[in-house]
Each structure stands twice: as C-alpha cells, then as structure tokens.
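The structure appears below as structure tokens.
The values are calculated or read from the model by the stated rules, or taken from the named source; none is laboratory data. Since the model is a prediction, treat every value here as computed from it, not as a measurement. Positions of Cβ are backbone-derived with ideal geometry, glycine not excepted, and every protein chain shown enters the neighbour counts.
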Amino acid sequence: MHYRNDIAGLRAVAVLPILLLHAGFDAIPGGFLGVDIFFVVSGYLISRILIGEMTEQRFTLAGFYRRRALRILPALLVMLVAVLAVGWWRLFPQDMRDLSWSAAAAALSGSNIWFWRNVSYFGDAELTPLLHSWSLGVEEQFYLFYPLLLLALHRWLPRRIVACLWGLTIGSFVLSYGLVFAGKAPAAFYLLPSRAWELGLGALVAAGGFPALGARIRGVAAWAGLAMIAASLVLVTEKSAVPAPWALLPCLGTALLIAYGEAAGTAKLLALAPLRFVGDISYSLYLWHWPVMAFWRLERGLTLDAGEMAAAIAISFALAILSYRLVERPFLDRGRAAPTRRVLWSAAAAMLVVAGSAAALALAAARTPIADPRVARVMAFIDYPLSRDAELYFNDTACRTDGRYLAQPCATTRADRPNILIFGDSHAQHIASALAERLDGVHAMRVATPLCRPLLPDPDPVHCAEVMERGFGEPAGDGTLSRAILSARWEAGDAPALERAVRHFRARGVAVTILGPGVEYDEPVPRLIARAMARGNDWALVRQGRRRDLIALDRAMARRAAAWGATYVSMQDLECPAGTCALFAADGSPYHFDKDHYTIAASRELVAKIPAAALAANPPFPK
C-alpha cells in the first residue's frame, strides 16, 4: 500500500484539535472529535491492507496481528510503564490504585470497558492520566474481530462485501443513536459495537463503497469533507449527542476526504510538511499528551494559564518525538526481520507482564497507608460515593429515578400534614435528606435524579421525562402541596426555563424556594485539601480552585427570583460567609466529597442555616 501524504496530514488534523482542547484551548469545543477522525482513517487503512492481501491470497491472521503488535504495543507499553512510575512517585494511594487498574486494562486492550464500568457520575476525567486509552481499546478490539469478519465475507460472500459492510455500519450507527437516545451515552461512547460505524465508514471507502465521481465533482466532495470536519470542531460541544448523531459530521467528512481527496486541492494542503510531520508522530503524540496534562493538573490545578498550556504542549511534543524515534520506528524497522511467532509471543508476554505489574501495584497501593493521618482521613473521602453515607443520601431516598422510580408513592401528598416538594437533580439529592430531617412534622416529597434540572421545558426529554412529569404534574394523594424547593446545578442560560417553572407552581398557589448554585471547585475537594495539607497547609491552593463564575450567576439568580415571586437562598453565602468558604464540617469531614456535592455533615450544617421562612409551609397548614 503506497503512502499517502494527505492521510498523514489528516492525522495531524485529528490530533491537533485534541491536543489544544485538552490543554484548555476552548475555541475549538469539538476538538475531541479528532478521535472520531482517527477511527475513520484506521478503518480505511486496515481495510485497504486486508482487502489487498485477501484479493492476492497472501493474507494470514498471524501476519496481520504481528504488524498490529509491532505498530501499537511498544509505544503504548512504554507509556504505561512511565505513567505508573510517575504515579507511584506523585499520587496518593487511592489515585495510584485506580491508575494501576486502568493501566492493567489498557495493557490488555480493555481500557474502554474498564472506564465504562468505573468512571462514575462523580468522576473527574481531566485528572485520570490514562482515560485517553479508551480509544485504543476500541481500535484493538476492532483489529481482533474485523479480520475474521472480512475473511468470512471474502470466502463466502465475495460479491456482497460492500453491501454487508454498509449494513453493519448502518446497524452500528442505529445502535449508537439508540443508546444515546435511551440515556445510555457512556455505553455508546466507550464500547466497540456503538463505535464500529466510524471505522466502518473508512472500511467502506477502502472497499469501494463510495460511488465513483468525475474529477471536478471529486474535488468539490473533498473540499466539502474538509469543511464538514472544520464545522464540527466549532459547532459540536461536549453537550452534543455523540457519537450519534453529531460525530457523523466529521466522520462523513473524513470519509469524503479519503475517498475523493488524493488528487484534489485538499491533498496539497494536507501534504504540507508541518502537517505530515505531526501526522507521522500523531500516535505517540496522542499517547503522551493526556498523561502530561493530567499530571500537570494534579500538581498545579485544573485550569492552565497560557504559559502552562504552552509548556504542556511543548512537553507532549518532545515526548512524542522521542517515542517516535526511539520506540515506534525501531520496533517497526527491526521487527520486519523477526519471525512472526517470536513477535507474537513476545507481544503477549509484554502485555501480561505490564498488566500483571500494574495489578500488583494496584493491590500494593490499596494496602499503603498515608503517613499523615489528617491527609489520610481527607483522602478517604475520594471513595465516599461508594460509602453507606452516600448510599443513604443519593439512593435510599423516598423518591428517585434512574429511568424508574423505586417507590410509586414518592410524589403522593398526605392529608394529615403539610406537603413540601424537594425537586431537582443531584444537587437536590445531596441536600434532600437533611431538609427532610429539618422539616419535622412535614411530609417531604423528594423528586430528583442526576442531570435533570427542574426546568420548563424539560432540558432532557429522554432522560428526565419521568422525573419532570412527577415534579411538575399534579401530585397524587389527598393533601395539598404547600411549597416547592428547587435545587440544581444551575447553568447561566437557565433563567427563562426556570422562570416558567416558578410561575407554573405559583399559578397553582404553591410557594417556591430556589436554592442557588452551590460552591464548586475545579477538582475533587478531598484531593485539593490533601494536597494543600501535604504542602504545609497551603490553603491558597484550594481557594484558587473555586469556580468564581458561579458567584456572578448566584447574584443574577437572586435578582430574578424576587421578580418571579420566589424565595431565594444563596448557597454561596451560606457556605462562604464574607467570601471565605468552609472546608470542613464540624465532624472534620470535608464539605464536599467531589467537586460540588456535599457530604452528609456539610449538608446538615448548610440546611440548618437556611432561613425558616424559606422552608415554611405556605399557606399555613390548617390546624
């Protein structure tokens, strides 16, 4: 297969937006779609090799896996070893434990499955040094199964290869869209079946699945493909529905570029020497950039200034060049002469050694105590989401939904006491139990689920339809709803929809209290506090991690709530009187167990500070 300069440049188009976005350059919010571009390119290159070898009857599975092992494993395993070494040196044991398990999964080509199963709603992706390896897991699993599929099609359905590939590609896209539509976006994001359509588009180009076009139309199609990629990088954001349907825009654009751009004007642009150079080192650049930036953030804080962004990018390039020249190329060049069996056995042994060593480090980290007992107690809250306290506050509520309610009477009023509705997302959940405890003698109805802000119209009709119906609908039961307490992780654009929600309740004679945006930090507070303690109580490190934009949002919401006829409670002021935020509750636990959610003790302390008038049943319940 001849080398295409434009595809080398296309790899640069894929990796550079990823690099810039991950460094904190947010002018290209869709930079993460570079991974999708890589998938299409990989599908094309692999299919072109396989189809050519099968047509010439010189294909062997052992030979294919040999080439993949030499191409992927050396640089990957070296990176994993380096990351584990740095992690053992710099990370707290809890973080090292998680890093080691993810490294073991990455070494065995399963990190996408590991992250799908273990990166929770309360996680912190920017501080997970190997999170980027999920895409390698998808590709490696594709390489494992796809040759077998293509071999079977070539043997038994040689004239139906293109039709079968189209069917599988469309089926995978439909599956991906269905998972996103059903609220299963993590599965759609991480797993091969819902990502296979992207690799399938590249495979279809290689198999002749795109129609032949005249020279002039080919040029137009290629430029249209490049325009689609550029538009996706600007228009698609992390809140867009990906991988389906929005990843179709860059993926189809990439397929058009590959199919029709080899002799078009786009090829001259993509074949520029700087782009080819970046394309050549793109694999190593992708491997190294994320650990560099994750460790930088773990040391210095989540937000990088311009100088830190430039330094992180420069370090990533330096490591990528070293990896390309000292690892990638030597293994590829020298591996050509090595016997296939030796290469495969060596690859399997190296994978097992790295995975086994990572697992041993994970077990050792789990048993390693932190010397400073204060730091140890704070870091224990990293695992708070798995604790019984968190289970009590987030799961054992009278009314919640993760697609289903645990208890049908959750939004049912009672006639023998006042009824108050606690309604919102996880920011309602983390305070609902404390509110119910304070509202002694009041029937507190809790209608809350993560990510579902109480807004009209419903911000997420697929995921939030049931909780919105329960919260805004007429409650069952014989009693009268007196007050609705709305609490959520509010966003700057929520005001119109929140006003409609308030007026909806006020029109029914229900008083409304809005709990404003809570204090948030750039990364989990226990880790921030532990790091500050380890550095001699450097509390400025914690203060600089606070999200200041929420203060302005809080003030704006307070002004609007008064005009809407709602009672407003500033959670910013309750937690940070006179601008100084509490870090510990009275029992010594951190105020937050992640970036923004309260621990039980903090929740109770804050609820105790809420003015009584904001929680009173209104109108007064008749005696």
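Observations on the model:
- Taking the criterion of being free of Cβ contacts under 8 Å to residues at least 40 places away in the same chain and either surrounded by fewer than 18 Cβ atoms within 10 Å (Cβ to Cβ) or hydroxyl-bearing (Ser, Thr, Tyr) (or both), the residues of segment 585-623 that qualify are Ala586, Asp587, Lys609, Ala612, Pro620, Pro622, Lys623.
- Once segment 447-494 is narrowed to residues that are within 19 Å of Thr567 (Cα to Cα) and basic (Lys, Arg), the residue that is surrounded by the fewest Cβ atoms within 10 Å (Cβ to Cβ) is Arg489.
- The set of residues in segment 524-548 that are assigned to a helix (DSSP H, G or I) and either acidic (Asp, Glu) or closer than 17 Å to Leu304 by Cα (or both) comprises Leu528, Ala540, Leu541, Val542, Arg543.
- Residue pairs whose Cβ atoms lie under 6 Å apart, separated by 6 or more positions or on different chains, with the first residue in segment 508-520 and more than 17 Å from Ser482 (Cβ to Cβ) and without any contact (Cβ under 8 Å) to a residue 40 or more places away in the chain and the second assigned to a strand (DSSP E or B) and hydroxyl-bearing (Ser, Thr, Tyr), do not occur.
- Taking the criterion of being outside any loop (DSSP other than H, G, I, E, B) and either buried (at least 24 other Cβ atoms within 10 Å of the Cβ) or in contact with a Gly (Cβ under 7 Å, 6 or more places away or on another chain) (or both), the residues of segment 244-265 that qualify are Pro250, Cys251, Gly253, Thr254, Ala255, Leu256, Leu257, Ile258, Ala259, Tyr260, Gly265.
- Unique residue being under 26 Å from His592 (Cβ atoms), surrounded by fewer than 23 Cβ atoms within 10 Å (Cβ to Cβ) and β-branched (Val, Ile, Thr) when the list is Val86, Val119, Val78: Val119
- Candidate set: segment 338-393, residues that are assigned to a helix (DSSP H, G or I), within 27 Å of Leu435 (Cβ to Cβ) and among the small types (Gly, Ala, Ser); chosen: the one modelled with the lowest pLDDT: Ala390
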